[in-house]
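Please read the structure below before turning to the comments.
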Amino acid sequence: MPASVIADGLRRIGAGTRRAVTRLGFAARFTFAVLGHSVEGLRRIRLTLREIYFAGALSLVIILVSGLFVGMVLALQGYDILQRYGASESLGVMVALSLLRELGPVVAGLLFASRAGSAITAEIGLMKATDQLSAMEMMAVDPLARVVAPRFWGGVISMPLLAALFSTLGVYGAYLVGVKLIGLDAGAFWGNMQAGVDFREDVVNGIIKSVVFGLIVSLIAVFEGYDAAPTAEGVSSATTRTVVGSSLSILAADFVLTVFMFRGVGV
Amino acid sequence: MTLSRPVRPSASFDRSHTTAIELDNVTFGYDRTRQVLSGITMSVPRGQVVAIMGGSGCGKTTILRLIGGQLRPSEGRVVVAGRSVPDLDRDGLYALRREIGMLFQFGALFTDMTVFENIAFPLREHTDLSDQMIRDLVLMKLNAVGLRGAAGLVPSALSGGMARRVALARAIALDPMLALYDEPFAGLDPISLGIVGQLIRKLNDALGITSVIVTHDVYESLKIVDYLYFVSAGRIIAQGTPDEVRASTDPFVRQFVDGEADGPVPFHVGAPPLAEEFAVHAG
């Protein structure tokens, strides 16, 4: 292999590494800057409430419908497996634990990244591409405080609420299938669930997961929007990066959190 | 775009300074290999309308960004109202920007707000005025640009000319000492173009502000400005009053004013001779 080809390859690796490190450094500084502007942003609570509406309330349909169907499918699959071992009465607790511990935060997080995260990135990216952020800067208004911080906190606050609703609708979907369709005893369904679900161990840990996922998705979404190349292609790429990056980060973070939270499972 | 810490705008600027803007031997480049401006020296007296003209990509908008402190020069001085812009801290820079109204190339109106809210935006951000007072001020600004009746519309419902006029009203919402216009005539029909041009002149005189217009529209500019600078490849290559420009024999000015395709600015950009390109040899 000629030396020039090797040198060219090394140069590309070096340039790529340098770009990645620079971007990582900018992302870290961006995170601190957003947190630094958060007090200022949260003081104008109306801006954050507006973003909770856009990120949270407008995501309700996809979250509620998905939660209902996931719960119903879980009940069908769960009943099929549990009845082989004569444990079909445990359907309620199985569905509840699956939703509260894992599926609620994770699937709601993935849906949130696709619906709200992509919208946040596209909106901020387009504001940048159409000089709206520059115009704000030239009006002595900091876009980090006025645009970025409210969207970030709107996402962080919305995510646990959406995950809770997802799990609630999932449990209700399982009830419809298990009790109303299959004919399990309602008392056993709810009673076993109440006995088998621990508030601290299951519910709180699920909430912690959804808060962490909310932080991850919101931060990636606002960063990608703010850092997007100010062109149609740049905004499009940034939106894709938000969905892919958020989804992979949620799955990776879920594994790490599960290891720390549920040590009793043998890890 | 830069990252910053939270700020509280503080000191105000001397509006009575006789020279509103001064650029002294300013050089700027995004990196060492790409020089955008070289040795730019210009002076804008208070109360005047000055145009910076040149072809696309010659560095005109960069000059506006240097004046507004969005960019810092590699060398040279940028002085606004007697104060050096690159030396201002974040608070000082924001105080300066509250004294500047800027119109962006395509208006840069906030698309999630109505026309009314767009103009009220700087008032709400920087003043403690009552809603009634803000309403009156916004309607006065809209009246000045002839769009009081469009207060309730959203930007997407406006024509290009109307959007530019709304952006103009927003630029003067805080009664700035300095107005910067980035390509205010781009993409406008002849009627809108004339309206925007006249508004820039009238508002400048009525409000006692100083205006800098970055444009390549030579005919409209000659009608309304007091002085013109011609920029090419990052350098000022000609300047003068509208009468001096009309009478100029400078080849670049003539090519620009007369709209000639070829001249000091070549028609073919950075290409080798045609014969060489197609490997055609004599004989």
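The values are calculated or read from the model by the stated rules, or taken from the named source; none is laboratory data. Keep in mind that this is a model prediction, so the values were computed, not measured. Here the Cβ is made from the backbone with ideal geometry for all residues, glycine too, and neighbour counts use every protein chain on show.
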*asked:* Residue under question is residue B:120, and the condition is that it be assigned to a helix (DSSP H, G or I), within 11 Å of another protein chain (Cβ to nearest Cβ) and touching a residue at least 12 places away in the same chain (Cβ under 8 Å); does it hold?
replied: no
_Let me spell it out: the conditions are (1) modelled with pLDDT under 90; (2) within 21 Å of residue B:114 (Cα to Cα), and residue B:189 meets all of them except one. Which number is the exception?_
(2)
*Output the residue which, of all residues in region B:83-112 that are more than 9 Å from chain A (Cβ to nearest Cβ) and free of Cβ contacts under 8 Å to residues at least 24 places away in the same chain, is surrounded by the fewest Cβ atoms within 10 Å (Cβ to Cβ).*
B:89
*Is it true that residue A:50 is modelled with pLDDT of 90 or more, part of a helix (DSSP H, G or I), under 28 Å from residue A:115 (Cβ atoms) and basic (Lys, Arg)?*
yes
_I'd like the full set of residues that are within 19 Å of residue A:229 (Cα to Cα), aliphatic (A, V, I, L, M) and either more than 7 Å from chain B (Cβ to nearest Cβ) or within 24 Å of the chain's Cα centre (by Cα) (or both), limited to region A:132-149._
A:136, A:144, A:147, A:148
_Can you tell me how many residues within region B:45-57 are buried (at least 23 other Cβ atoms within 10 Å of the Cβ) and either over 21 Å from residue B:176 (Cα atoms) or among the polar types (S, T, N, Q) (or both)?_
2
_Of everything in region B:203-222, what is out of contact with any Leu (no Cβ under 9 Å at 6 or more places or on another chain) and part of a strand (DSSP E or B)? Give them in sequence order._
B:215
*asked:* For residue A:129, only one of the following conditions fails: (1) more than 14 Å from chain B (Cβ to nearest Cβ); (2) over 16 Å from residue A:34 (Cβ atoms). What is its number?
replied: (1)
*asked:* Just to verify a result, which residue in region A:88-117, among those that are of a type in the set (Gly, Ala, Ser) and crowded, with 22+ Cβ neighbours inside 10 Å, is farthest from the other protein chains (Cβ to nearest Cβ)?
replied: A:92
*Write out, first by first residue and then by second, each pair whose Cβ atoms fall under 9 Å of each other, whose residues are 6+ apart or on separate chains, and whose first residue, in region B:141-164, is closer than 15 Å to residue B:117 by Cα while the second is assigned to a loop (DSSP other than H, G, I, E, B) and among the aromatic types (Phe, Trp, Tyr).*
B:155/B:110; B:163/B:106
*Could you say which residue among A:46, A:29 is among the basic types (Lys, Arg) and exposed (fewer than 10 other Cβ atoms within 10 Å of the Cβ)?*
A:46
